[in-house]
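A.B. asks: This is the structure, below, for whatever I ask next.
Read-outs: derived from the displayed coordinates by stated rules, not from any lab. These numbers were taken from a predicted model, which means no experiment stands behind them. Quick reminder, even Gly has a Cβ in these numbers, built from the backbone with ideal geometry, and neighbours come from all protein chains shown.
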Amino acid sequence: MSNSTTDDGGGFVLYRYHPSIPVAAIASGLFAIVTGLHSWKMFKTRAWFLTPLTIGGLFEVAGFAARAYSASQTPDWTIGPYVIQSVLPLVAPALFAGSIYMVLGRIIVMTDGEAHSVIRRKWLTKMFVCGDILAFTVQAGGAGFMSAGSLSSMNTGQNIVVGGLFIQIVFFGLFVLVALTFHTRMRKVPTARVYSEHLPWEQHLHALYASSALIMIRSIFRVVEFLLGNDGYVFGHEWFMWVFDALLMLFVLIIFCCIHPGEIRRYLDEAKASGLEIANSSVRLREYSSLERGYE
């Protein structure tokens, strides 16, 4: 990977180094493998709330494939592949976050622990998903400005993206606080369902913490990157993006492949089936009691 700049005057350029074709191709391939495995598990468990996570993985695949193609054009880069490789990996973590928010809501249902949540489950998922959509929209809009190819649009786009990243960081911080509060209260006063059943609720919460931390670190890195500007040190060194963005997001997908939230769906289905059986048994008991009274 070359770290040389292509514009000594400090003006706008697409890359300030020669992007690596092999690294981009390997990244796209790794994301394709992990996203494919995750998709298979999602369809197998019918955990459709993980669809945003899957789409985010596909964004990473397409984004780094476009980067490999853009790198092959060095030094005569065209704007199309550059825009794709800039926008898709930038907004993909916001899609990851959407699924992460929905996982917490399902953990609360699985444990019957809504009383331990500082926000009612009905509003919890809606609030954080709406915040995530806002962050996604702002970042995508900023990326659109950046792709216009001029210095003024680049600066405007960077400021908009930073705003979107701050929105994402704020909502993620609140989300982690809500999750930690729920976790602490549940540990102190477990619900009857947690007592009576071997539910892997803490395992899934730990997966949420790990993935949230990785996305938070990545978002802070991106804020620093954009605040330093197109001619800043971070933009001039490709390895920053691979270590503090691509690698961290790959780990997020790997975490959810190893501790797949589809397991929560299975427990919810089993609990629902048990509830129906109990309800049906109660109906049959009442019918039998009425029949007995009729014979008296």
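A.B. asks: Among W48, I84, G232, which residue has its Cα positioned farthest towards the positive end of the charge dipole of the chain, with +1 placed on the Cβ of Lys and Arg, -1 on the Cβ of Asp and Glu, and the dipole taken about the Cα centre?
C.D. replies: W48
A.B. asks: Subtract the Cα-Cα distance of L174 and E114 from 0.36 nm times their separation in residues, and report this length gain in nm to one decimal.
C.D. replies: Full-extension gain reported as 19.9 nm.
A.B. asks: Treat each spin label as a single point 7 Å out from the Cα along the C-beta direction, and report the E197 to I26 distance in nm.
C.D. replies: 4.4
A.B. asks: Quickly estimate the mean residue ellipticity at 222 nm for the chain, helices only: each DSSP H run with n ≥ 4 gives -39500 (n - 2.57), and the total goes over all residues, rounded to 500.
C.D. replies: Result for the chain, helices only: -26500 deg cm²/dmol.
A.B. asks: I would also like to ask the following. Tell me, rounded to the nearest percent, the portion of alpha carbon pairs in the chain spaced more than 29 Å apart.
C.D. replies: 43
A.B. asks: Another question, then. In whole Å, how far is the Cα centre of the range 138-163 from that of the range 177-192?
C.D. replies: Computed from Cα coordinates, the inter-centre distance equals 41 Å.
A.B. asks: Projected onto the charge dipole of the chain (+1 at Lys/Arg Cβ, -1 at Asp/Glu Cβ, origin at the Cα centre), which of F182, G57, A27 gives the Cα projection farthest towards the positive end?
C.D. replies: Checking the options against the dipole of the chain, the answer is F182.
A.B. asks: Using each residue's phi in the range 41-48, evaluate 6.51 cos²θ - 1.76 cosθ + 1.60 at θ = phi - 60° and report the 3J(HN,Hα) Karplus result to the nearest Hz, with x for Gly and Pro.
C.D. replies: These are the phi-based 3J(HN,Hα) values: 5, 5, 5, 5, 9, 6, 8, 5 Hz.
A.B. asks: While we're here: So what J values fall out for the range 216-225 if you push phi through Karplus, 6.51 cos²θ - 1.76 cosθ + 1.60 with θ = phi - 60°, rounded to Hz, Gly and Pro as x?
C.D. replies: 5, 4, 4, 5, 5, 4, 5, 4, 4, 4
A.B. asks: How much length, in nm to one decimal, is gained on full extension between L37 and F240, taken as 0.36 nm per residue of separation minus their Cα-Cα distance?
C.D. replies: Difference between extended and current length: 70.4 nm.
A.B. asks: Let me ask something additional. Stokes-Einstein at 25 °C, 0.890 mPa s, Kirkwood radius from Cα pairs: D for the range 198-260 in µm² s⁻¹?
C.D. replies: Calculated translational D: 190 µm²/s.
A.B. asks: Another question, then. Which value, in debye to the nearest 20, describes the size of the charge dipole of the range 21-260 about its Cα centre when Lys and Arg Cβ atoms bear +1, Asp and Glu Cβ atoms bear -1, and nothing else is charged?
C.D. replies: 980
A.B. asks: Express in nm, to one decimal, how much length is gained between L247 and Q73 on full extension, taking 0.36 nm for each residue of separation and deducting their alpha carbon distance.
C.D. replies: Additional length available on full extension: 60.2 nm.
A.B. asks: Can you list residues whose amide H is under 5 Å from G236's amide H, if they're 5+ apart or on another chain and H is modeled 1.01 Å from N?
C.D. replies: Those lying under 5 Å, H to H, from G236: there are none.
A.B. asks: Using a simple spin-label model with points 7 Å from Cα along the Cα→Cβ vector, what separation in nm is obtained for R187 and C130?
C.D. replies: The two pseudo-label positions are separated by 3.2 nm.
A.B. asks: In whole Hz and in residue order, list the ³J(HN,Hα) couplings for the range 151-156 that follow from phi through the Karplus curve 6.51 cos²θ - 1.76 cosθ + 1.60, θ = phi - 60°; x for Gly and Pro.
C.D. replies: Each residue's phi maps through the Karplus curve to give 5, 5, 5, 5, 5, 4 Hz.
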